[in-house]
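What follows is one structure encoded as structure tokens, with my remarks underneath.
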Amino acid sequence: MDRRIRKTKQAIVTAFLELLDEKKDIDKISITDITKRADISRSTFYFHYNGTYELVDEISDSFSKEIFDIIMKAHTDMPGEEGYLYMYNEILAFLYENKTTTKLLLMSPKEADMTKKITDDIYKLLTVYYLSKRQPVSKEVLNVAALFSTYAILAVIRDWVDTDFKHTPQEMADLTFQAVKTAIGFFHEQ
């Protein structure tokens, strides 16, 4: 992508996220607000996007790609328990560093799309993991495991966002990891 196009698109995204942080509601942000903040013309905005929801789609795609890259790095570099803790900590740190975008994607009508992308990414990761272990697991079990994992983690993350990131990413990773180990332990008790 041309450097000027990349710079213009970044100015649009930055302006939109700043306005979102101020106004808290995507429907209250006009194209005029964005173009004034980004110091561009309306025609420049419409050259890149058809509207705010297309902009949100692009932000969501980029965000999802970042999370997928974290998942794959953890899976490739650190398999097992250490990798999962590293992965979750890195994801939480990324979400914390991008609070406004995190709030946008978890609170907007596009949240379902983001959840689907993450679910698909975790599904791919679990498939690779189980196939590498050569464990006979059906596609249905893989699907349920991906859904269960994704929605449980997203519920914890939503609660964290709702409390305005009360804990640090490291604290949340540790709390969640201990909670999962405790829950699994309940099933192993005699």
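Residue by residue, here is whether (1) of a type in the set (D, E, K, R); (2) free of Cβ contacts under 8 Å to residues at least 12 places away in the same chain holds:
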| residue | (1), (2) |
| --- | --- |
| R3 | yes, yes |
| F16 | no, no |
| T32 | no, yes |
| D39 | yes, no |
| T52 | no, no |
| V56 | no, no |
| S62 | no, yes |
| E82 | yes, yes |
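Exactly one condition in (1) surrounded by 15 or more Cβ atoms within 10 Å (Cβ to Cβ); (2) on the phi > 0 side of the Ramachandran plot is not met by L17; state its number. The single condition L17 does not satisfy is (2).
Being without any contact (Cβ under 8 Å) to a residue 24 or more places away in the chain, part of a helix (DSSP H, G or I) and within 16 Å of the chain's Cα centre (by Cα): is that true of D69 here? In short, yes.
For M72, the conditions (1) at pLDDT 90 or above; (2) of a type in the set (A, V, I, L, M); (3) closer than 23 Å to F177 by Cβ are fulfilled apart from (1).
For the range 28-37, the condition holds for at least one residue, the condition being that it is surrounded by 15 or more Cβ atoms within 10 Å (Cβ to Cβ), among the aliphatic types (A, V, I, L, M) and outside any helix (DSSP H, G or I). Number of residues in the range 38-51 that are buried (at least 17 other Cβ atoms within 10 Å of the Cβ) and not in a helix (DSSP H, G or I) equals 2. Out of V161, V137, V156, one residue alone is more than 20 Å from the chain's Cα centre (by Cα) and modelled with pLDDT of 65 or more. It is V137. Residues of the range 7-48 that are aromatic (F, W, Y) and over 19 Å from N98 (Cβ atoms): F45, Y46, F47.
The values are calculated or read from the model by the stated rules, or taken from the named source; none is laboratory data. In this text the structure is predicted, and so the values were computed from the model without any measurement. No Cβ is skipped: glycine too gets one built from the backbone with ideal geometry, and neighbour counts run over all protein chains shown.
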